[in-house]
Amino acid sequence: MTKVAMITITNSWKEYFLDSHEGLGTTYERFILHNYFDSLKTRYGIDSVLEAPSFGMTGVSGINSMWWASKGAKVAIVDQSPARLESIQKVWVDTGFSAEFVCQSSDSAILPFADGSFDMSWNFAALWHVKDGETYLKELARVAGKVLFICVPNQQNVCWVLRPHNAADYELKNIRIDWITSCLAASQWRLVDTGFFDVPPWPDIAMKKENILKLVGLDKLAKSSEGTKTEGLCILDYFNGRSPAMGEDIMKFDFLENSPNWLKKWWAHHRFLVFERMSR
């Protein structure tokens, strides 16, 4: 199991910069994130964001905040690998968007920004790669002026036991909801929203999603997915204008996102927490 985990996430990031094909699953979760971004931007008037750390799951690293840049927001990206950060920066340049890129030592949880430097700080399934999760959370809170948006893998998903998440490779404590809230309980932040999201029709297992659809009998959806060009599928083509209809095509699979909470609890791939800064 340990070997699979290392191959699946920790050491596989380089291959996505050589071949950006992310597949249906990763592309879907990125577009679902856009819906939450849009809601947060409208609610809080967010004009600057910090994504730290940027490395979490499979796919091209460091591009989840590209939506914010496309909306004119100031973006900063923090990564703990110099080589990966260099690759991330090149992807951003090639796509035509700008961001500040900061390399942080993997041995440090201190962020090199002043208090309240950004309207929002956030990350997606990245905290389990951080050694000192408590300090990192408090640093994210320190540099955010309005909102904290934290996304973690859903450990209540029925397929969680099939996922590579060996404790030797991940800090599993860092993705526990109760632990995250306890770390921020004594600060100037309150939890205002939490829930399950990223609820596609395929299970959360390490298999190409197009094949999963066929495996569970959703042949029509599989064919629809094939018809929308999933070979070489990557959200970068949406941002660079090569595939402007990608979002519309991908969101054909979002019919479970508004399903009852009891179903989302067992099927959603991720959970989110929104913290709001209290008046000083």
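The values are calculated or read from the model by the stated rules, or taken from the named source; none is laboratory data. All values derive from a computational prediction rather than experimental measurement. Cβ sites come from the backbone with ideal geometry, for glycine too, and all protein chains shown count toward neighbours.
So that you can scan it fast, the table gives a plain yes or no per residue for (1) farther than 21 Å from GLU248 by Cα; (2) surrounded by fewer than 17 Cβ atoms within 10 Å (Cβ to Cβ):
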{"site": "TYR16", "(1), (2)": "yes, no"}
{"site": "GLU22", "(1), (2)": "no, no"}
{"site": "ILE32", "(1), (2)": "no, no"}
{"site": "ASN35", "(1), (2)": "no, yes"}
{"site": "ILE46", "(1), (2)": "yes, no"}
{"site": "PRO53", "(1), (2)": "yes, no"}
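If you filter the stretch 32-80 down to residues that are part of a loop (DSSP other than H, G, I, E, B) and of a type in the set (Val, Ile, Thr), you find that the one that is farthest from GLY195 (Cα to Cα) is VAL60. Residues of the stretch 1-47 that are among the small types (Gly, Ala, Ser) and at pLDDT 95 or above: SER39, GLY45. Considering the conditions (1) at pLDDT 95 or above; (2) within 18 Å of THR26 (Cβ to Cβ); (3) assigned to a loop (DSSP other than H, G, I, E, B), ASP237 is excluded by exactly one of them, (3). Screening the stretch 95-168 for strands (runs of 3 or more DSSP E) wholly inside it with 2 or more residues that are surrounded by fewer than 20 Cβ atoms within 10 Å (Cβ to Cβ) returns the ranges 100-103, 144-153.
The set of residues in the stretch 177-204 that are loosely packed, with under 15 Cβ neighbours inside 10 Å and within 12 Å of PRO153 (Cα to Cα) contains only GLY195. The residues listed here are ALA126, ALA73, ALA83; of these, the one that is among the small types (Gly, Ala, Ser) and touching a strand residue (DSSP E or B) at 6+ places or on another chain (Cβ under 8 Å) is ALA73.
Each residue in the stretch 258-276 was checked for being closer than 15 Å to ILE177 by Cα and part of a helix (DSSP H, G or I), and 1 pass.
Determine whether LYS252 is over 19 Å from the mean Cα position of the chain (by Cα), at pLDDT 65 or above, charged (D, E, K, R) and over 17 Å from MET57 (Cβ atoms). Answer is yes for this residue. Regarding the stretch 265-273, can at least one residue be identified that is modelled with pLDDT of 95 or more, surrounded by 16 or more Cβ atoms within 10 Å (Cβ to Cβ), closer than 19 Å to VAL147 by Cβ and aliphatic (A, V, I, L, M)? Yes, the conditions are met somewhere in the stretch 265-273.
Given the criteria within 15 Å of the chain's Cα centre (by Cα), among the small types (Gly, Ala, Ser) and more than 20 Å from LEU137 (Cα to Cα), does GLY25 qualify? So GLY25 passes the test.
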